[in-house]
Structures are given as structure tokens and as C-alpha cells.
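Structure first, commentary second.
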Amino acid sequence: MTKRVSASELAGTGRRMTMDDLAELAGVSKITVSRALKDSALVRAPVREQIQQLARTHGYRLNTAARNLRLRRNHSVTVVINMTPTADRTMSDPIFLGLVGGLLQCLTAANYRLVLTTADQVLASGDHDSDGIIFLGQGTDDTLLGQVSEMGLPFVVWGARRATDGDWITIGSDNRRGGALIGQHLAALGRRDVLFLGDQEHQEVADRLTGLEQGGGATMRVTARACEFGMLAGRAAVDAAIEGGWRGDAIVGASDMIALGAMDALIARNIAIPDDMVVIGYDGIPAAANAAIPLTTVRQDWQRAGELLGETMLAWVEGTQPNPETLPVELIVRASTQAD
């Protein structure tokens, strides 16, 4: 059982109540206490009021001098690429490059340094010299995000909003809308049996699948198959589906790389694209336009996304409480769904 502390217990020790003590009393994290005492909207109103009342009851006072020292700006933002590189997907992934390009343009224009690193390095170092942290790669759960959030720095994440989101701001594209655009396009083409490839443990992928099913309507059958991001994974998933008996008329990849791999598998089996099978990707990377059969895709504006991540961080560092934002997406129709 967690030991509770009180002002009277501390009196005998000669020390003052700390933020850690207050957090223990309230049953919340230290960063939640800090934000509540600063009246941050990131903390739900009932929790904020409870913490403020506990602080008054137990005589806790925020050490403003120490806080001002901690808030001294270093004009440095840490950007974390949260992924495990594989042969099929490396750190030079075009999505990350696009996001970093937009971030670099935004932050350097404001005279901020961009420090590129990994999640393990951030947690190990404590990142005391950074004004804030930006995460590229949301992951499949909030465990890692929660650990970084506990560091108490402004924290912005590229991804999809989840019900379990903590004390961070999420910036992302409209994944459900993107999926719906694909579903509507396939329905207009008369395609009715769709194979969706992607890892639904990622909220962005799950939202794309939901949108696809909604956009395709009641007459469209969607078979979802787990698939990691990457061309090799896409090719293997299509091979496995066909060998398992799937016989449909459309394939949707949760990323362009998955869809490009799917096209490789179809070409190797002499399945004509788009006559016998249409293929659609997601992301809008350059390789989609330059493929042997140009790939229909949902385009995300990676440059603008990176800029918005940077703008959100700068606003937070400057003292303005930012809000989550969702960027629009666009369906780009190419030869993989449209015959000449």
C-alpha cells in the first residue's frame, strides 16, 4: 500500500512538503500536479481543483524561483524518431524525412536547434537541456509516451488521437477521412471485395480501416490482414492471402510501401493491374508516383505536418496552450486503379 504523507508528518522532519509529496497525496503524477498548480487546461477540471485544494490545505507553495530556472529557454527542441529499423523499413523512411524537413524549416527560422535522437536516449539522459520534445512514431500504446510525459516538458506527438492520450498534444492527419475517400473510390469503380493490409494496433491504421469500411458502404466486403510497414511485408501478406484462398478485386495498403509490395506480388503472379485487381496505398511518398504502375494513394502533406508540429511546440514553449490539430488529406488517382 502507498504511504500517505501530510503536512503534520513533515513538520517533525523539518522539511517542507514537496511536489512529490503532493503528487502522492493526490494519487497522480508529478507533472499533473505541476500543470494543475499552473491552472493548465491539460488537467481535467475536477482533478485540477482537487490538487489545488490539497495544496492549500497542506500549505504547499510552488517554488517560483526554481521553476523559473527550469523554464529558462535553451532554444533547443528534441525530435525523437520512435521506430525500430529493419531491412524493410529504415531510419531513412521518406515519411520521417518529410516530417523532419518541415520541422527543421520551422524551428531554425525561430532560431531553435533541432536535436534528433531515439526514445531510449531521451529517457536515459533526462533531456535537461531541451525546451520540449516532439515524437515521430506514436507506437501502439501509451506506455512510452507516458514515460516521456513524466519528464515535465512540452510534449507533442505525431499520430492519431486516442481515448487514452495523456498530458501531450497530438497532431495528425484525418485518417478516417482518408480511409473513407478510398472506400468511396472503390465503390465508384464497382469493387466489392477488398483486402486491407496493415497493423491495426497502430491507431492511425485502425482509423483508416474504419474509414474504408464506412466509405465503401454495406455492399463492400473488407478483409483485414495484419501487416507490418514495408514492401517485403506487403508482398508476403498478399502471397499468404492468395495462397489462403482469398479472391477479391481490390487491395488497400495502410502505407504506400505496403501497397508497392502488394503490386510486386500481383505482377509476379501475372494478375493484371488495374483490370483484375486495383491497388491503393496511403501516404503520398514520391515512390508511389514513380512506380512502374503509378500508385493511387491518399496524400498526407508531410512538409506542412512537420511545420505544424514545430509551430505547436514553439507556441507551447512561448506560453500559449496549444490544441490538437488534424490535417486534411487528398486522394490522388493514378494508374493502379484507373485504366488508360
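Only the coordinates and a few stated rules stand behind these numbers; no lab work does. Please read these numbers as outputs of a predicted model, since none were measured by experiment. So basically every Cβ, Gly included, is an ideal-geometry build from the backbone, and we count neighbours across all protein chains shown.
Of all the C-alpha pairs in the stretch 175-300, what % are more than 17 Å from each other? For the stretch 175-300, the fraction of Cα-Cα distances above 17 Å is 49 percent. The phi torsions of the stretch 45-52, fed into the Karplus equation with coefficients 6.51, -1.76 and 1.60 and a -60° offset, translate into couplings of 3, x, 5, 4, 5, 4, 5, 5 Hz, rounded to whole numbers, with Gly and Pro shown as x.
Here the peptides 186-198, 236-248, 293-305 are ranked by packing, the mean other Cβ count within 10 Å, and the order with the highest first is 293-305, 186-198, 236-248. Between helix 302-317 and the chain, what is the angle of the helix's C-alpha long axis to the longest principal axis, kept within 0 to 90° and rounded to the nearest 10? Long axis of 302-317 versus the principal axis of the chain: about 10 degrees.
Evaluating 6.51 cos²θ - 1.76 cosθ + 1.60 at θ = phi - 60° for every residue in the stretch 182-193, the Karplus couplings come out as 5, x, 5, 5, 5, 5, 5, 7, x, 8, 10, 10 Hz, glycine and proline recorded as x. A simple charge model with +1 on the Cβ of Lys and Arg, -1 on the Cβ of Asp and Glu and nothing else charged puts the dipole of the chain at about 1200 debye relative to its Cα centre.
Dividing the convex hull volume of the alpha-carbon atoms in the stretch 282-340 by its residue count gives 66 Å³ per residue.
When the chain is fully extended, how far beyond the present Cα-Cα distance does ARG44 get from ASN290, taking 0.36 nm per residue of separation? Walk me through the intermediate numbers first.
Working: separation 246, 0.36 × 246 = 88.56 nm, distance 4.80 nm.
Contour length minus Cα-Cα distance gives 83.8 nm.
Please work out how much length the chain gains when fully extended from THR140 to ARG225, using 0.36 nm per residue of separation minus the C-alpha to C-alpha distance, in nm with one decimal.
Net length gain for the segment: 28.9 nm.
Of all DSSP-defined beta bridges confined to the chain, some 10% are antiparallel rather than parallel. Divide, for the stretch 206-271, the radius of gyration over alpha carbons by 2.2 N^0.38 Å, where N is the residue count. Relative to the 2.2 N^0.38 Å estimate, the stretch 206-271 comes out at 1.09.
Applying a 10 Å radius around every beta-carbon, put 322-330, 255-263 in order of their mean neighbour count, most first.
Working: 322-330: 15.1, 255-263: 28.2.
Ranking the peptides 322-330, 255-263 by packing returns 255-263, 322-330.
With runs of 4+ DSSP H residues as the only contributors, calculate the mean residue ellipticity of the chain at 222 nm using -39,500 (n - 2.57) per run, divided by the residue total and rounded to the nearest 500.
On the way: 14 runs with 146 residues, N = 340.
So the helix-based figure for the chain works out to -13000 deg cm²/dmol.
At q = 0.14, 0.15 Å⁻¹, work out log10 I(q)/I(0) for the chain with the Debye formula, treating every Cα as an identical point scatterer and leaving solvent out; two decimals please. One equal scatterer on each Cα of the chain leads to -1.05, -1.15. Extension gain for the segment ALA268 to THR84, taken as residue separation times 0.36 nm less the Cα-Cα distance, is 63.3 nm to one decimal.
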